[in-house]
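As structure tokens, the structure follows; a few thoughts come after it.
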Amino acid sequence: MSQPDTITRILDAAAALFAERGYAETSLRTITSTANVNLAAVNYHFGSKKALIQAVFAQFLDPFCERLDAELDRQQAKNEGRTLTVDELINILYSTLLNSMDGLGESPNQFMRLLGLAYTQSQEHLRHFIIANYGNHYSRFTGLLREAMPEVKPEVFYWRLYFMLGASVFTLSSFDSISSILKADFDKDSTVDDAVGLLIPAVTGMLNSADV
């Protein structure tokens with residue numbers, strides 16, 4: 001088995017198991033057994049469980065942030081200096097998320113479960129890793145969003161960002177369950193694209209609402 005193949009198998013197994021069971025509840029032995037590699041392979045390629053968790057996030061966040069920056073560059077050049085609106089920025093954010101996940105052959109469900117667990121479980125190292133490696137991308141996007149809504153108080157803006165994150169994580173990480181309930185109650189099938197299409201105006205409406 002080649003090294004790239006070994007790394008991919010470990011990352012795929014780790015992402016699926018972390019999303020299903022949680023970080024603390026998933027052992028390296030379970031990951032290596034699922035990936036059909038020996039335990040030494042994890043230590044050799046990643047060094048530790050924490051580094052493996054970070055590598056799982058990197059495989060999602062690297063292409064997402066690259067695409068997001070490119071799309072922001074394109075839109076800003078197109079607008080010739082005009083401040084992007086909240087609606088434009090949120091559409092860019094979610095379309096980039098869907099496109100980057102599609103490019104990986106993944107749905108956003110698994111990544112959103114991993115992201116939600118990063119905030120609800122004790123993974124301080126992961127938050128530090130995300131800030132250190134992707135904080136500039138986050139600052140750029142939130143800075144543009146802040147420019148689009150200057151009348152909103154800083155503390156209100158802060159909470160609205162987390163309301164947006166919470167709505168996104170819950171909706172997309174729980175999509176299978178939510179869509180099953182929709183099917184049972186209304187006999188209506190739904191796709192992730194459908195859900196995001198409804199999520200976008202809900203988020204923009206919340207962000208654009210009058211300050212309190």
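The values are calculated or read from the model by the stated rules, or taken from the named source; none is laboratory data. Keep in mind that this is a model prediction, so the values were computed, not measured. Neighbour counts run over all protein chains shown; Cβ positions are idealised from the backbone, glycine included. Each accessible area value is taken on the protein alone, full model and side chains, heavy atoms only, with ligands, DNA and RNA left out. Shrake-Rupley method; radii C 1.70, N 1.55, O 1.52, S 1.80 Å.
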ask   = Rounded to the nearest 20 Debye, what is the dipole magnitude of region 1-70 about its Cα centre when Lys and Arg each give +1 and Asp and Glu each give -1 at the C-beta?
value = 280 debye
query = Mind checking which of 186, 111, 141 has the largest fluctuation in a GNM of the chain, springs on alpha carbons under 10 Å?
reply = 186
ask   = Over the Cα atoms of region 94-203, Rg to Rh with Kirkwood Rh, two decimal places?
value = 1.00
request  = Return an integer: the convex hull volume of the alpha-carbon atoms of the chain, in Å³ per residue.
outcome  = 147 Å³
Among 108, 154, 201: highest mean-square fluctuation, GNM of the chain, C-alpha pairs under 10 Å = 154
task = Pull up the cross-link candidates among the aspartates and glutamates for residue 49, meaning alpha carbon to alpha carbon under 14 Å and not fewer than 8 places away within one chain.
result = 25, 124
task = Could you tell me which GluC sites (Glu not before Pro) in region 125-212 are loop residues by DSSP with no more than 13 other beta carbons within 10 angstrom of their beta carbon?
result = 151
request  = Report Rg/Rh for region 47-114, rounded to two decimals, where Rg is the Cα radius of gyration and Rh the Kirkwood radius.
outcome  = 1.09
inquiry  = Given contacts defined as C-alpha pairs under 8 Å and at least six residues apart, what's the relative contact order of the chain, whole-number percent?
reply    = 22 percent
query = Hey, got a sec? Which trypsin sites (Lys or Arg not before Pro) in region 123-212 land in a DSSP loop and have at most 15 other Cβ atoms within 10 Å?
reply = 188
note = Per the helix-only model, the chain has a calculated mean residue ellipticity at 222 nm (DSSP H runs of ≥4, -39500 (n - 2.57) each, divided over all residues, rounded to the nearest 500) of -27000 deg cm²/dmol
note = Length-normalised contact order of region 96-212, Cα under 8 Å, at least 6 apart, in percent, tallies to 34 percent
ask   = Among all the aspartates and glutamates, which ones have a C-alpha under 17 Å from residue 183's C-alpha, if same-chain residues fewer than 8 places away are not counted?
value = 193, 194
query = Which residue, 70, 14, 184, tops the fluctuation ranking in a GNM of the chain built on C-alpha contacts under 10 Å?
reply = 184
query = When the Cα centres of region 48-67 and region 86-129 are compared, how far apart do they sit, in Å?
reply = 11 Å
query = When the accessible area of region 52-200 is computed with all protein chains present and a 1.4 Å probe, what percentage of it is carbon and sulfur?
reply = 56 percent
